[in-house]
Amino acid sequence: MMTNVRCTIAAVLLAICSSSRADSPIAVRLHGTVEPVHSYPVLAPRLTGSGANSVVIVRLAPAGAQVRKGDLLVEFDRQAQEKNANDRQAEYRDFVEQIAKKRADQSAARAHDDMTISVAENAVKAADIDVSTNEVRARIDAEKNLLALEEARAQLAQLKKTAALRRRAEAADLRILEIQRDRAQNAWRHAQRNAEKLRIVSPLDGMVVLKTTWKNGVFGEVQEGEDVRPGAAIMDVVDPSAMRVRVRVNQADVERVRPGAAARITLDSYPDREFHGTLEQMSPIASTSALSARVRTFVAIFSIEGSDPHLLPDLAAAVDITK
């Protein structure tokens, strides 16, 4: 009698275990975080030129706000860069006017030199005509004509040489002003680009997720009126319509994780909600663990089917790969 009871209990337990295994065909459980497929990081701009230090936030989109493409995300104080751009523009225009005046002065000087050279050339021609009459002139007059011709030719050569040197000096003076003008123009453009960088709009439709930074001894989100350094992370604009889960796979579980495998995804924050996903890709090379160099893990990315307002970035998620 006792033997029959024991056999019956064993049979019932075996049936329960078999049923449990049939209802939960889980190959491996992984843990990771939810992240968007499409996102846009917003950083404090790195300005060029002088005076490109930290910037102050004057307008900031609130956390969780829904934005459209082209909507303002963050605006920094632009007064310094706009003033710098106006100053550089004034310098550029001043050099443009100086170059125009220099060219006008050089044109007048060139006309004066051309007239002087033309007079000298006429003097040479007149002296040459006088020399051609030496056969009918007295010897002393003939000598005077020859000396006058040599003097006229020497003066003409000197005038041409002086004019050529003056043209080279004028070209050098003009080139110096042109270089100064180009430098002022580059500084003006840099200041304009800096001012444009201080106003950032959204390149896509999505949701604003503010980043946390270390400030005053604690972590916190950036706020309007704060001074931020160039390159500091301000926010992310995420597209909530397409989300995925990034997990780390232990080297011991790699054989049971293959691209294309179906997965059941649950959120630690909302355990009653269940999502279906697919393993899209896994890194071909493992990385070492922070705890031990012998333990290696692979990064895997699971896509999530559909969309849900509860799927938010940085939420902890559990991924169960079914057999």
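Read-outs throughout are calculated quantities, based only on the coordinates presented, and are distinct from any laboratory measurement. Please read all numbers here as calculations on a predicted model, not as lab measurements. For neighbour counting, all protein chains shown are included, and Cβ atoms are generated from backbone atoms with ideal geometry for every residue, glycine included.
Annotation: lysines with alpha-carbon distance below 22 angstrom to LYS83 (same-chain offsets under eight excluded): LYS197. Its relative contact order, with pairs defined as Cα atoms under 8 Å and 6+ residues apart, puts region 63-152 at 21 percent. Backbone geometry of region 239-249 corresponds, through the Karplus equation with coefficients 6.51, -1.76 and 1.60 at θ = phi - 60°, to 3J(HN,Hα) couplings of 9, x, 6, 9, 10, 8, 10, 9, 10, 10, 9 Hz, x marking Gly and Pro. Each peptide in 238-245, 86-93, 107-114 gets a packing score, the mean of other Cβ atoms within 10 Å over its residues, and the list from highest to lowest is 238-245, 86-93, 107-114. Distance between the modelled labels on ALA100 and ILE176, one decimal in nanometres: 2.3 nm (7 Å Cα→Cβ projection). Each label was represented as a point 7 Å from its Cα along the Cα-to-Cβ direction; for THR116 and ASN186 these points are 3.7 nm apart. Set against the labelled values [x] 23.1, 72; [y] 42.4, 170; [z] 27.9, 96, Rg and Dmax of the Cα atoms in Å computed from this structure falls on [y].
When each of the peptides 144-150, 250-256 is scored by how many other beta carbons lie within 10 Å of its residues on average, the order from highest to lowest is 144-150, 250-256.
Helices assigned as whole DSSP H runs in the chain whose Cα atoms extend at least 15 Å along their own long axis and whose mean Kyte-Doolittle hydropathy is 1.6 or higher are not found. In the chain, Cα pairs under 8 Å separated by at least six residues give a relative contact order of 32 percent. Treating cross-link reach as a plain straight distance, find the lysines whose alpha-carbon is under 27 Å from the alpha-carbon of LYS102, omitting any fewer than eight places away in the same chain. Within the straight-line cut-off, LYS102 pairs with LYS160, LYS161.
Based on Cα contacts under 8 Å between residues 6+ apart, region 70-217 shows a relative contact order of 55 percent.
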